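The values are calculated or read from the model by the stated rules, or taken from the named source; none is laboratory data. This structure is a prediction, so every number in the text was calculated from the model and none was measured. Neighbour counts run over all protein chains shown; Cβ positions are idealised from the backbone, glycine included. Note: areas computed on protein heavy atoms with side chains; ligands, DNA, RNA excluded. Shrake-Rupley method; radii C 1.70, N 1.55, O 1.52, S 1.80 Å.
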Amino acid sequence: MNDPVYVTRPFLPPLEDVTKLLQGVWESGILTHNGPLVQRLERELCNSLSIRNMVATTNGTVALQMAIRGLELQGEILTTPFSWIATCSSIIWEHCTPKFVDIDRATFNMDPSLIEKAITPKTVAIMPVHTFGNPCDVIAIQEIADRHGLKVIYDAAHAIGSTVDGKSVLEFGDLSATSFHATKLFQTGEGGGCITTDDNLAEKLKRIRFFGHNEQKDIVETGFNGKMTEIHAAIGLAIMPHLSEILKHRSKNSCLYKQLLEPHGCVRFQTVKHGQSNHSYFPVVLESEAAVESAINALANENIFPRRYFHPSLNKIRLLGGESCPKSEEIATQILCLPHFFGVDASLVEKISSILVKAAQKC
Ligand code: T4K
């Protein structure tokens with residue numbers, strides 16, 4: 001049997017590049033508390049992505065919570081049901097109420113035409129996701145937010161490297177929160193970050209991240225512990241020189257998957273309408289849940305393991321309950337994310353595509 005192929009694998013830089021960085025950590029004994037490697041990672045990400053401020057965090061979930069806390073939000077936050085649970089649970093942890101707005105069937109992102117109907121006197125913010133790295137309609141969302149005096153936080157967990165008119169998608173809205181989890185295109189093991197063009201807000205987020213301390217160690221905010229460690233930053237710094245290569249590889253493999261699958265007409269793809277995707281995932285929508293199950297079984301027989309990101313639609317989770325979101329529910333039952341990471345070469349894309357087509361055609 002071949003080695004298992006998972007939906008993703010972390011890009012691992014040469015180990016000696018990480019140990020070189022760790023050498024300095026061992027010499028200084030500084031492991032955390034906004035150390036030099038965390039600061040360097042923040043600077044290098046700002047330069048590489050042309051963004052103004054990056055506040056590195058423990059993980060993407062904490063980055064979302066810090067975003068809500070940094071903007072001092074209390075009330076209802078409109079969000080998407082087609083996401084990872086963290087989008088919603090971060091809202092609840094910050095004592096706000098998530099309200100779901102259904103998605104666009106083509107982009108899998110929050111449908112801007114449904115936002116205004118969902119606004120109530122309690123609504124304080126909109127929190128869409130750039131799903132799988134596909135930029136939301138940031139212009140339409142900002143217009144609605146401005147009309148109603150709402151804040152915009154983007155869950156940009158998948159969106160490192162995605163752009164709108166040549167500008168990083170992370171720079172839109174009041175804040176973006178991203179993830180550097182091991183399963184992400186750019187990773188630090190665990191990690192994440194808040195991105196904002198507002199320098200004062202970035203300073204406030206740094207205080208929130210550090211128990212609410214200011215530089216003199218006075219407590220000036222209700223903060224918590226959202227700090228990234230030097231060890232996690234070292235992994236990220238060693239990956240930085242490979243970021244453009246990783247993005248190019250993802251884009252090339254996405255084109256190949258599409259080229260091989262499209263002529264058979266058995267799957268539908270995510271439509272990118274409002275910018276350039278980083279192709280961080282490769283999602284396909286099959287004709288039915290039975291076709292998804294059949295594809296999963298056929299691939300598993302070859303030791304290949306795609307994933308049903310995101311299933312179920314969050315509004316169907318008993319703990320969250322609520323609004324009916326038919327488009328999200330439909331996509332959630334028919335979606336499959338195919339293996340898509342740096343180690344996947346053209347012959348593997350061909351193999352996966354051919355198994356998928358055969359399985360889908362049988363349904
Ligand atoms: N917002 C959105 C839209 C998100 O998608 C996420 C996280 C967040 C917010 C929150 O960000 P974080 O707080 O996580 O930074 C993963 C990740 O845990 C999660 O980060 C991610 N989204 C979500 C979509 O997927 P699983 O359930 O896929 O993990 P697992 O363990 O099944 O891994 C999938 C495959 O990856 C494995 O089959 C093998 C491979 N893998 C995984 C790990 C952890 C490795 O090769 N090495 C590893 O260390 O959750």
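Just tell me the longest site-free run in the chain, where the sites are GluC sites (Glu not before Pro) in a DSSP loop having at most 16 other beta-carbon atoms within 10 Å.
73-214
Say we join alpha carbon atoms closer than 10 Å with springs in a Gaussian network model of the chain; which of Leu260, Leu73, Leu37 then has the biggest fluctuation? Looking only at Leu260, Leu73, Leu37, the biggest GNM fluctuation is shown by Leu260. Ranked by the mean number of other Cβ atoms within 10 Å of their residues, highest first, the peptides 45-56, 121-132 come out as 121-132, 45-56. Taking label points 7 Å from Cα along the Cα-to-Cβ direction, Ser324 and Thr120 give a separation of 1.8 nm.
Counting other Cβ atoms within 10 Å, keep those with at most 14, restrict to DSSP loop, and tell me which trypsin sites (Lys or Arg not before Pro) in the range 204-236 are left.
Numbers: sites: Lys204, Lys206, Arg207, Arg209, Lys217, Lys227; in loops: Lys217, Lys227.
Within the range 204-236, the qualifying trypsin sites (Lys or Arg not before Pro) (loop, at most 14 other Cβ atoms within 10 Å) are Lys217.
Each label point was placed 7 Å from the Cα along the Cα-to-Cβ direction; for Arg52 and Gln39 their separation is 2.2 nm. Using every pair of separate Cα atoms, the Kirkwood estimate puts the hydrodynamic radius of the range 51-147 at 13.9 angstrom.
Given the options Arg69, Arg43, Arg147, state which has the largest fluctuation in a GNM of the chain using a 10 Å cut-off (strictly under) for Cα springs. Largest GNM mean-square fluctuation: Arg147.
Once the 1.4 Å probe is applied to the protein heavy atoms, the range 210-362 comes out at 47 Å² accessible per residue. Sparsely packed loop sites in the range 299-363 (the trypsin sites (Lys or Arg not before Pro) outside DSSP H, G, I, E and B with at most 12 other Cβ atoms within 10 Å) comprise Arg318. Using a simple spin-label model with pseudo-atoms 7 Å out from Cα toward Cβ, Thr222 and Arg147 lie 3.3 nm apart.
Here is the size of the range 283-329 from its Cα atoms: Rg then Dmax, 13.1, 39 Å. What chymotrypsin sites (Phe, Trp or Tyr not before Pro) in the range 143-218 are in a loop by DSSP, with at most 12 other Cβ atoms within 10 Å of the Cβ? Nothing satisfies the criteria. DSSP beta bridges fully contained in the range 51-171 are about 20 percent antiparallel.
May I ask you to give the percent of accessible area on the chain that is carbon plus sulfur, with a probe radius of 1.4 Å? Carbon and sulfur atoms account for 52 percent of the accessible area of the chain. As a ratio to 2.2 N^0.38 Å, the alpha-carbon radius of gyration computed for the chain takes the value 0.99.
In angstrom, the C-alpha Rg and Dmax of the range 203-301 are 21.9, 64. Computed on the Cα atoms alone, the convex hull of the range 97-208 gives a volume of 126 cubic angstrom per residue.
Beta-bridge orientation, the chain: approximately 55 percent antiparallel, per DSSP, counting only bridges with both partners inside. Residues of the range 255-285 with amide nitrogen under 18 Å from the 7 Å Cα-to-Cβ point of Glu302? Zone members listed by number: 255-268, 282-285. Sorted from longest to shortest, the spans of the Cα atoms of the range 1-97 along the three principal axes equal 48, 46, 28 Å.
Only helices enter the 222 nm calculation for the chain: every DSSP H run of n ≥ 4 contributes -39,500 (n - 2.57), and dividing by all residues gives -12000 deg cm²/dmol, rounded to 500.
With all protein chains in place and ligands, DNA and RNA left out, the 1.4 Å accessible area ranks His340, His148 as His148, His340, largest first. Can you figure out the FRET efficiency of Asn214 with Glu289, using R₀ = 41 Å and their beta-carbon distance, to the nearest 0.05? Plugging the Cβ-Cβ distance into 1/(1 + (r/R0)^6) gives 0.20. Per residue, the solvent-accessible area of the range 1-109 (1.4 Å probe, heavy atoms of protein chains only, all protein chains present) comes to 48 Å².
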